[in-house]
Each structure stands twice: as C-alpha cells, then as structure tokens.
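See structure below.
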Amino acid sequence: MKKISILSCVLVSGLILLMSFSGCGKKKNLDPSGIKVGLLMDTYDLDRWKRDADFFTNKSDSLGMQVLRAVADGDQDRQNKQADDFLTQGANVLVVISQNLKTAGRIIRSAHEKNVPVIAYDRLILNSDVDVYITFDNEKVGYLQAKGILEKVPTGNYILLGGAASDNNAKLVRAGQMRAITEYEKKTGKKINILADPFLDNWDRDEARRKISNLLTKFKAEGKKVDAIIASNDATAGGVVAALMAEHEAGKVAVSGQDAELSACQRIVEGTQTVTVYKPVRQLATVSAKIAFDLAKKEKPEDIIKNLGFKVNYIDNGFKKVPTILLDPVFVTKENMYQTVVKDGWQTLDRVYTNVPKAQWPKL
Ligand code: BGC
C-alpha cells in the first residue's frame, strides 16, 4: 500500500512538473476575470484625461479585466509608489501616463522584476525597457498647429510656446512645428521671424499666461508687434488668450492648441483661437485596453500590434527601439469644427456654439 502511494506520489509530482515545464514560454491562458490591469494616470487636470481613463476602463471591463486605477496629480514619485502598490496587489500589466519622461523608468524596472509588461500611454518613457508605446503622432500634431497658423499669418513675428519640458511630447510637437515652418519658408520664400521659443515647466494655463504676458510687455517696449503664438495645447492656449485679452489683442493674434477641449472649441468659433488638433482618445484608450489584455496573456508586442491592424513603428527611447502605434491626429478650425469634433461626438454643437448667435451656427 505504502509503495503504491509513494509511487503514485512520484508519478503525480512528475506529471505536474512536466505540465509546468511544457507551459513555459507559451501563452498563458489566463481567465480574463483574473487579469488585473493597473492604470496609472498622471493627472485629471484636462477633460481629456478623465475621458481617456473612462474609455479605457469601459473597454477593459468589456474584455473582462479588473482595472486598478490611480492618479498621481502630477507627481512622478507618487506615481512610482502607486505602481509598486499595484504590483503588490498582483497587477498583470501596467499602463502608464507618466509625468516625468526620465524618472518614470523606475516603474518599468519594478514591473519587469515581476515579469509584468508595461505600456507607455500617450507619453514615452525614456531609457527604459518599455514594452509598447501608443500615442498620437505628436510631430504631426505640431505640424498641424503650425500649418493652421501659417495659413492665417503668412509672414510676421511668431512666438512658439512649448509644453512641459518634462514631457517628451512637448519636444516632438515643437519638432513638428519647426518642420512646418521650415518647409513653408522654403516653398514660399517668405520669412517667419521667431521672436521667442520658450518651453514651460508644466502644461499649465497660468504659467502660460504669465510667460506670454511678460513677453508681450517686453516686445511692446521694443516696438515689436506679435502676429502669432503657436501654443502647444489648448490649456496653455487658454493662458495665451487671457494674456492677449489683457492687452486688447485677443482675436488679432493667431493662436494654436491641441486636444479640442471645450473652451478651445468655443474660442475657435468665437474667433480668439485659430486652430486646435483633435485626438480621438476613445481610439487610443480602447486600443490600449486590447493591447494590455494581450500583453497580460504574454503575446508578443509586434504580433499584438499587427493583429490589431496597425503598422509597427519603432521609436528609440535611448534604451531600445520601442514597438509603437502612432494614431492620426485631426486638424480643426472654425470651418470643419462640426465635421470633426462635433460629428465624432467629442463635443456637442450646443456647447461649442453656446456664445454664438444661432444664426451663425453651421447649417446642418
Ligand atoms: C498630451 C496632450 C496634453 C498634454 C498636457 C501631452 O502629453 O499629449 O494631449 O495636452 O500632455 O496634459
């Protein structure tokens, strides 16, 4: 009896060992309800970020995953701790909207120690082993911003106002703006005079207002007229327009932005902002949830991207060429506001045109 039970014991443990070895390296057939995805938001200061988080959560719910969600209020150290917390709670995959392009790398190192893959969402994290990066083409965002301004102000004095220096997107957006300006100058022989091109510490409306108000005072004293301000997002464009208003210049100086925030869309139809760039974040969020799901099942990044029907781009983050999805941003002015932002359900016609007499609303 004893012999048989020892024998069966050996056999059973052998079988278990064999099963676990043969499972090695293969995809995990995780029960979706057992997958925990940790969503680490930087901030909810813009309307878009709340919507990103909600779209992501809804899609993850529909895939059967459990979402752990935290917001760091612009504090990278805090986000790093939240990530540790999620890893302790057994997160199978992390999705990170980082604040600081460098120090967020710690999240990836901690996650990889536990074999947990990480998606850099919207913002790239530098010098680290990011598994997948998904974003809108930020260079194209900058290109479209400058295009909108160049169409309105074909020559003259420009200020370029960069976003947060701690965000890689701010640099890419600037690169796109410069590409548009250089191409334009070559093509037309016209000259754009860049008076100043600072970056901000944060993507902050008040910081933008202060910076532009100081520059306006300075250039006024020097007898220089400012014709256009290429602001890098709508929040900072709000600060720019406030500074212009104080000088009674709002509506006379062309201003750009991105995100199609409600206040920016209103400024556009009211004439104090020229252009914004709409990024359909529903697509970004839902595709990211699908990627998170597949990464948790240990599928390969390139395969996941291809199976979802996207081109695999590679972006060098200083550590490796990160498999990347670049989504397409949309150019928005007063002329196509309805066709783009409104028709896509991002903003409603009533709210965008709330301060405009009904007779001037687009005829549907
Ligand atoms: C995003 C923009 C956003 C900005 C400030 C950037 O990384 O791409 O959409 O306006 O951060 O939150």
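Do you know which residues across segment 147-176 are buried (at least 16 other Cβ atoms within 10 Å of the Cβ), touching a residue at least 24 places away in the same chain (Cβ under 8 Å) and closer than 23 Å to Gly318 by Cα? Hits for segment 147-176 are Gly162, Gly163, Ala164, Ser166, Asp167, Asn168, Asn169, Ala170, Leu172, Val173, Arg174, Gly176. Go through segment 113-157 and count every residue that is of a type outside the set (D, E, K, R) and closer than 30 Å to Lys225 by Cβ. Residues in segment 113-157 being of a type outside the set (D, E, K, R) and closer than 30 Å to Lys225 by Cβ: 14 in total. Scanning segment 103-146 for residues that are touching a residue at least 40 places away in the same chain (Cβ under 8 Å) and among the charged types (D, E, K, R) yields Asp122, Arg123, Asp129, Asp131, Asp137, Glu139, Lys140.
Residues checked against (1) part of a strand (DSSP E or B); (2) touching a Lys or Arg at 6+ places or on another chain (Cβ under 9 Å); (3) not assigned by TED's automatic domain parsing to the domain that holds Lys211:
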| residue | (1), (2), (3) |
| --- | --- |
| Ala235 | no, yes, no |
| Gly239 | no, yes, no |
| Ala242 | no, yes, no |
| Met245 | no, no, no |
| His248 | no, no, no |
| Ala254 | yes, yes, no |
| Ala260 | no, yes, no |
| Cys265 | no, yes, no |
| Ile268 | no, yes, no |
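Residue under question is Asp197, and the condition is that it be open to solvent by 40 Å² or more (accessible area, probe 1.4 Å), within 27 Å of the chain's Cα centre (by Cα) and either β-branched (Val, Ile, Thr) or closer than 20 Å to Ala254 by Cβ (or both); does it hold? Yes; evaluated as a whole, the condition is true for this residue.
The set of residues in segment 207-230 that are in contact with a helix residue (DSSP H, G or I) (Cβ under 7 Å, 6 or more places away or on another chain), over 14 Å from Ala242 (Cα atoms) and open to solvent by less than 10 Å² (accessible area, probe 1.4 Å) comprises Ala228, Ile230. When Lys50 is tested against (1) closer than 15 Å to Asp122 by Cα; (2) assigned to a helix (DSSP H, G or I); (3) open to solvent by less than 10 Å² (accessible area, probe 1.4 Å), only condition (3) is not met. Filtering segment 305-364 to residues that are under 21 Å from Ser232 (Cα atoms) and of a type in the set (S, T, N, Q) leaves Thr333, Asn336, Thr340, Gln347. Within segment 177-190, restricting attention to residues that are open to solvent by less than 50 Å² (accessible area, probe 1.4 Å) and within 22 Å of the chain's Cα centre (by Cα), the residue that is nearest to the ligand (Cβ to nearest atom) is Gln177. Counting residues in segment 86-98 that are over 24 Å from Leu200 (Cβ atoms), touching a residue at least 40 places away in the same chain (Cβ under 8 Å), within 16 Å of the ligand (Cβ to nearest atom) and open to solvent by less than 10 Å² (accessible area, probe 1.4 Å) gives one or more.
Of all residues in segment 99-131 being touching a Lys or Arg at 6+ places or on another chain (Cβ under 8 Å) and open to solvent by 40 Å² or more (accessible area, probe 1.4 Å), which is nearest to the ligand (Cβ to nearest atom)? Per the stated criteria, the residue is Asn127.
Restrict the check to segment 337-347 and report whether at least one residue is among the basic types (Lys, Arg), in contact (Cβ under 8 Å) with a residue 12 or more places away in the chain and open to solvent by 10 Å² or more (accessible area, probe 1.4 Å). No; the residues of segment 337-347 include none that is among the basic types (Lys, Arg), in contact (Cβ under 8 Å) with a residue 12 or more places away in the chain and open to solvent by 10 Å² or more (accessible area, probe 1.4 Å).
The values are calculated or read from the model by the stated rules, or taken from the named source; none is laboratory data. In this text the structure is predicted, and so the values were computed from the model without any measurement. So basically every Cβ, Gly included, is an ideal-geometry build from the backbone, and we count neighbours across all protein chains shown. Calculation scope for accessible area: heavy atoms of the full protein, side chains included, ligands and nucleic acids excluded. Shrake-Rupley method; radii C 1.70, N 1.55, O 1.52, S 1.80 Å.
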